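> The structure under discussion is supplied below as structure tokens; questions concerning it will follow.
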Amino acid sequence: MVVRAEKIVPAAEQDEEEVDVNVKKYLRGESANLEVLQDKKLKGELAVKEELYKRSAKAAANVEKWLLPSEGGFLESEGIEKTWRIKQDAIGKEVDILSSKNQYDMVLPDLGPYKLDFTASGRYMAIAGRKGHLGVLDVKDMSLVKEFQVRETVRDVVFLHNELFFAAAQKKYPYIYNTDGVELHCLKEHGAVSKLQFLRNHFLLASINKFGQLRYQDVTMGKMIANYKSGLGRTNVMQVNPYNGIVGLGHANGSTTMWKPTSPNPVVKMLCHHGPLSALAFHSNGHLMATAGMERKIKLWDLRTFKVLQTMPGHAESLEFSQKGLLAASTGSFVQVFRDGSSSQNYSRYMSHSMAKGYKIEKVSFRPYEDVLGIGHSMGWSSILIPGSGEPNFDSWVANPFETTKQRREKEVRSLLEKLPPESIMMDPKKIGTLKPPRKKEKPTRKEREEEMEAAVEAAKGKKLKNKTKGRNKDGKRAKKKQEVVQNAKKQFIEQNIKENEELSKKKRKRTSEEVAELPKSLQRFAKKKAD
């Protein structure tokens, strides 16, 4: 029997090792070798800077260790228990008081169905009832900022760059309002819009109207950036990819098209379903897309290869990805949430929630930085808890739920200065800032070759011959020498043509042999005769 003695490492040393690993993550590469410097003043200045870098990296590592949780909490089952069987009542009894306040139902049966939208920080929510009810709520303390009645149909609502402005797609045109309910703009060029989306980094308001026309408008200058016809009829399925700003549209023929404002044609057109598309959603990493079709299938696509990763049974009228990758799908009065438990893009059922009988869900939307799912339905709107859906750590430079008026103003000015041009919208935004690969040298055309050969012949004819000794400078010999010079000038072009013709014939023979190999053996002999 062999007994192995293991060294017991104190907890303090383990913490130090963990911090050291995190320090390497925050350091800006390896420190410079200052011993080779001769200038003492420069050497001292750089040594001070290196020390500051080390201190800041260590402070960031300590913050990550003690203040930031490593991962969000998810529901965990024991034994044969299933997480999707856990009801909201059971979750509400176990969570703290602040979290339990996020479970509520607002019943307004005369003004629905309702659409919802959250700000980037998750603090404010815009609501839009089909029968003209518009409002903005501060969901942090559940206070009403403003509500008003426009007395006409409202199809969609979306916040602009912050909570002070929002756009509503009304009966004839989309309108822009502020939080006081004052109408700021009427966007008549858009027409009767069925769906609105806002590109925050580009300050572009995108809309699709009932005739299938896609429009982009810059809200900072009011300029219409682009106006394109989709050519595939009316649609109300529209979503923006948060990773690259590409707008995705779902159509009645089962196809999905992806657009950017600088191209009149879709950059991608893919057939996703055999029936009309009913919903579309993009993951925050930009590489995963979920689609739902009327043939009762939900598909997950890899946008790097445009292949299906997973097909799940079920119908969905609204799809939404959370910040942590959970997928919510709603149909009728039922909501399902799917989770990628193994981080291999293999989604399975995580939670489910059934609304009261008669409630028809219009839209589902996850609240950023909170484990909350907002549900807009025919009788008002509701909010349920989905553990693990929100990002637990917010970056105050990106989205601050607790920002003051001064911080909001500074952020607005900074975001306007950093506004990206429409040309920066592309499928792979990593290409921005890289060098364009050199083009392959194009082969000259036949006409260009002939002109080049004629120029070489003329140059050869005009070449002066050296005077030779007596008997070798006769006219006949000089003419013969000139002919040789002209033939040598032509020779390189003729050899090049012969070489290219041989390469073409080889490729043709290879292609023919491959085509013959694909045929059945009984037909190959006829193909060979034809090829010969």
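> In the list Phe394, Phe334, Phe402, which residue meets the criterion of being under 23 Å from the mean Cα position of the chain (by Cα), in the same structural domain as Ala128 (by TED's automatic domain parsing) and of a type outside the set (S, T, N, Q)?
The conditions single out Phe394.
> Residue under question is Gly72, and the condition is that it be under 30 Å from Asn201 (Cα atoms), at pLDDT below 90 and assigned to a loop (DSSP other than H, G, I, E, B); does it hold?
yes
> Sticking with this one: Which of the residues belonging to region 80-106 are aliphatic (A, V, I, L, M), open to solvent by 80 Å² or more (accessible area, probe 1.4 Å) and farther than 16 Å from Ser383 by Cβ?
If the condition is that a residue be aliphatic (A, V, I, L, M), open to solvent by 80 Å² or more (accessible area, probe 1.4 Å) and farther than 16 Å from Ser383 by Cβ, then Ile80 is the only one that fits.
> When you check Gly222 against the structure, is it in contact (Cβ under 8 Å) with a residue 24 or more places away in the chain and either surrounded by fewer than 14 Cβ atoms within 10 Å (Cβ to Cβ) or in a strand (DSSP E or B) (or both), yes or no?
When the stated conditions are applied, Gly222 passes them.
> Something else: Looking at Ser77, is it of a type in the set (S, T, N, Q), within 29 Å of Leu327 (Cβ to Cβ), assigned by TED's automatic domain parsing to the domain that holds Ile208 and exposed (fewer than 15 other Cβ atoms within 10 Å of the Cβ)?
Spelling it out, it is not the case that Ser77 is of a type in the set (S, T, N, Q), within 29 Å of Leu327 (Cβ to Cβ), assigned by TED's automatic domain parsing to the domain that holds Ile208 and exposed (fewer than 15 other Cβ atoms within 10 Å of the Cβ).
> Does region 381-418 hold any residues that are crowded, with 16+ Cβ neighbours inside 10 Å and farther than 26 Å from Glu94 by Cβ, and which are they?
Correct list: Ala399, Asn400, Glu403, Lys411.
> A follow-up question, please. Among the residues of region 156-197, write down those that are closer than 24 Å to Thr404 by Cβ, of a type in the set (D, E, K, R) and buried (at least 19 other Cβ atoms within 10 Å of the Cβ).
The one that is closer than 24 Å to Thr404 by Cβ, of a type in the set (D, E, K, R) and buried (at least 19 other Cβ atoms within 10 Å of the Cβ): Glu163.
> Could you list, in sequence order, the residues of region 93-122 that are within 23 Å of Glu320 (Cα to Cα) and assigned to a helix (DSSP H, G or I)?
Ser99, Ser100, listed by residue number.
> Pick out the one residue from Asn253, Asn227 that is open to solvent by 60 Å² or more (accessible area, probe 1.4 Å), among the polar types (S, T, N, Q) and part of a strand (DSSP E or B).
The conditions single out Asn227.
> A further question follows. Residue under question is Pro109, and the condition is that it be touching a residue at least 60 places away in the same chain (Cβ under 8 Å), farther than 23 Å from Val182 by Cα, crowded, with 19+ Cβ neighbours inside 10 Å and in the same structural domain as Tyr175 (by TED's automatic domain parsing); does it hold?
In short, no.
> Starting from region 275-297, keep only residues that are crowded, with 16+ Cβ neighbours inside 10 Å, then list their pairs with residues that are of a type in the set (Ser, Thr, Tyr) and outside any strand (DSSP E or B) whose Cβ atoms are within a distance under 6 Å, requiring at least 6 positions of separation or different chains.
Gly286/Tyr243
> So, one more: Looking at region 119-132, can you tell me whether even one residue there is farther than 16 Å from Lys363 by Cα, of a type in the set (Gly, Ala, Ser), touching a residue at least 12 places away in the same chain (Cβ under 8 Å) and open to solvent by less than 10 Å² (accessible area, probe 1.4 Å)?
The answer is yes; a qualifying residue exists.
> Does region 289-302 include one or more residues that are among the polar types (S, T, N, Q), within 28 Å of Gln213 (Cβ to Cβ) and under 19 Å from the mean Cα position of the chain (by Cα)?
Checked region 289-302: at least one residue is among the polar types (S, T, N, Q), within 28 Å of Gln213 (Cβ to Cβ) and under 19 Å from the mean Cα position of the chain (by Cα).
> I'm trying to understand the selection: among the residues of region 181-219, which are part of a loop (DSSP other than H, G, I, E, B) and out of contact with any helix residue (DSSP H, G or I) (no Cβ under 7 Å at 6 or more places or on another chain)?
Passing the criteria: Gly181, Val182, Leu187, Gly191, Ala192, Arg200, Asn201, Phe203, Lys210, Phe211, Gly212, Val219.
> Does Leu144 satisfy the condition of being loosely packed, with under 15 Cβ neighbours inside 10 Å, in contact with a Leu (Cβ under 7 Å, 6 or more places away or on another chain) and not in a loop (DSSP other than H, G, I, E, B)?
The answer is yes for Leu144.
> Go through Gln496, Gln524 for me and flag whichever is more than 30 Å from Gly245 (Cβ to Cβ), at pLDDT 80 or above and among the polar types (S, T, N, Q).
Just one listed residue meets the conditions, Gln496.
> Mind telling me which of the residues Glu51, Glu13 ends up being modelled with pLDDT of 80 or more, open to solvent by less than 100 Å² (accessible area, probe 1.4 Å) and within 27 Å of Lys65 (Cβ to Cβ)?
Glu51
> Does region 198-211 contain any residue that is in contact with a Ser or Thr (Cβ under 6 Å, 6 or more places away or on another chain), without any contact (Cβ under 8 Å) to a residue 60 or more places away in the chain and open to solvent by 30 Å² or more (accessible area, probe 1.4 Å)?
Within region 198-211 (the criterion being in contact with a Ser or Thr (Cβ under 6 Å, 6 or more places away or on another chain), without any contact (Cβ under 8 Å) to a residue 60 or more places away in the chain and open to solvent by 30 Å² or more (accessible area, probe 1.4 Å)), the answer is yes, since at least one residue qualifies.
> Something else about it: What single numbered condition from (1) crowded, with 17+ Cβ neighbours inside 10 Å; (2) out of contact with any His (no Cβ under 8 Å at 6 or more places or on another chain); (3) free of Cβ contacts under 8 Å to residues at least 60 places away in the same chain fails to hold for Gly374?
For Gly374, the failing item is (3).
> Starting from residues that are more than 18 Å from Glu320 (Cβ to Cβ) and open to solvent by less than 10 Å² (accessible area, probe 1.4 Å), keep the ones in region 258-274 and report whichever is farthest from the chain's Cα centre (by Cα).
This residue is His273.
The values are calculated or read from the model by the stated rules, or taken from the named source; none is laboratory data. Remember, predicted model here, so these are calculated numbers, not experimental data. Counting neighbours? That spans all protein chains shown, and the Cβs are built from the backbone with ideal geometry, glycine included. Each accessible area value is taken on the protein alone, full model and side chains, heavy atoms only, with ligands, DNA and RNA left out. Shrake-Rupley method; radii C 1.70, N 1.55, O 1.52, S 1.80 Å.
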